[in-house]
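**Student:** Okay, handing you the structure first.
The values are calculated or read from the model by the stated rules, or taken from the named source; none is laboratory data. Quantities reported herein were computed from a predicted structural model and do not represent experimental measurements. Virtual Cβ from ideal backbone geometry, glycine too; neighbours counted across all protein chains shown.
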Amino acid sequence: MYKRKRELKLSPSALGDFKTCPRCFWFDKIHGIKNPRGIFPSLPGGMDRQLKKYYDDCRENKTLPLELEDKVPGNLYQNFDDIDRFRSPFGRGLCVTIEGITLTGGLDDLLYDEETKLYSIIDYKTRASEPKEGATEQYYQTQGDCYDLMLNSNGMQTTHKAYFAYYFPNGVKHLRNDVVGVYFKCEPVEISTDPDRALKLSQAAIQCLRSGEMPEPSKDCEMCKHIEKRTAMQDMIEHADEVKSDEQVEKPNPKAPDTEDDIRF
C-alpha cells in the first residue's frame, strides 16, 4: 500500500475532517488525496490580516479592543514574540506531541488575566451576519478544545474557555473621494473547552491512520456518497458497453452453402 513519505501531522481542521468522515481524512493523510475545496474567497484572509494588526495595535497600547471590554476576562497577552510564534500554523508555534504525532495549530490571539494567572483563547471570525445560537459549538468546538490542549501542554494554564469574536458588516458610508467605510459589529461568543476531549479525538485519529486499513465512510459524507454513485454509474455504463460488444461479436452471419446438396434453385 502506498503511504506518504512526509511526516504525519494533525491540526484542528484535520481533526474536524476526521469527525466529518474518517475515510476522507484517511485518504488525505495516507495517500495525499484531499477533497476538492472549490474557490476560496480572498476577502476573509484580508480581513484576518487587518484584525491581527488592529489587535496588535491594542496590545502595544496595553488595552483591549473597545468592543470586547467587559465581555472577556483579562487583557491581551503582551508578549509579541510569543503571539507571532503562536500564530504560525506550521509547527514552530503551539503544538503538542501525541503518540509520536504532532498536533499543531495557529492561534489568532490570547487573553491573560493578571489576577487569576490564567489564559483564555480568543479567535476572531468574519461572517456575513450575526452568529446563530449553537453555531459556534457546532463549527469551532474542536478548534477550541485543541488550542486548550496545546496551551495547557505548554505550561499555560487556561480558564477552559474560548471566546470567538464575530465581526459582521453593519453598514456602509461614503467617507471621501474613492474611500468607502464598511462598518462592522462585533459579537463575542463564549464556549467551554475540554483538552481531554481533544486528546481522545487525536488518539482516535492516530489509531485510524495506524490501523493499516481503509476506514468506513461517514454515512453523512456527501463526497463519499458522490463517489459511490459515480462509481456505480460508471460500472453500469461499462457493463452495458461490454454486453453490446458481445452481442455484436456473437451475432450469426448468413450461412454459406457447404456442398452442392445445400444449394437450392
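**Student:** Test Glu114 against the stated conditions and say whether it is touching a residue at least 40 places away in the same chain (Cβ under 8 Å) and under 25 Å from Phe86 (Cα atoms).
**Tutor:** When the stated conditions are applied, Glu114 passes them.
**Student:** Is it fair to say Thr116 is in contact with a Gly (Cβ under 8 Å, 6 or more places away or on another chain), of a type in the set (Val, Ile, Thr) and surrounded by fewer than 22 Cβ atoms within 10 Å (Cβ to Cβ)?
**Tutor:** yes
**Student:** Which ones in the stretch 217-243 are surrounded by 12 or more Cβ atoms within 10 Å (Cβ to Cβ) and either polar (S, T, N, Q) or over 19 Å from the mean Cα position of the chain (by Cα) (or both)?
**Tutor:** Residues satisfying the conditions are Ser218, Lys225, Ile227, Glu228.
**Student:** Of everything in the stretch 140-186, what is out of contact with any strand residue (DSSP E or B) (no Cβ under 9 Å at 6 or more places or on another chain) and modelled with pLDDT of 95 or more? Give them in sequence order.
**Tutor:** Thr142, Gly155
**Student:** Okay, next question. Using beta carbons and a limit of 8 Å, which pairs, at least six apart or on different chains, have the first residue in the stretch 219-243 and under 26 Å from Phe25 (Cβ atoms) and the second one among the charged types (D, E, K, R)?
**Tutor:** Every condition considered, the pairs that remain are Cys221/Arg23; Cys224/Arg23.
**Student:** I would also like to ask the following. Consider the stretch 208-241. How many of its residues are within 23 Å of Tyr140 (Cα to Cα) and outside any helix (DSSP H, G or I)?
**Tutor:** 5
**Student:** Being farther than 20 Å from Leu76 by Cα and surrounded by 15 or more Cβ atoms within 10 Å (Cβ to Cβ) is the filter here; which residues of the stretch 147-180 pass it?
**Tutor:** Within the stretch 147-180, Ser153, Phe168 qualify.
**Student:** If I ask for residues that are surrounded by 11 or more Cβ atoms within 10 Å (Cβ to Cβ), under 27 Å from the mean Cα position of the chain (by Cα) and free of Cβ contacts under 8 Å to residues at least 12 places away in the same chain, which ones from the stretch 51-81 would you list?
**Tutor:** Tyr54
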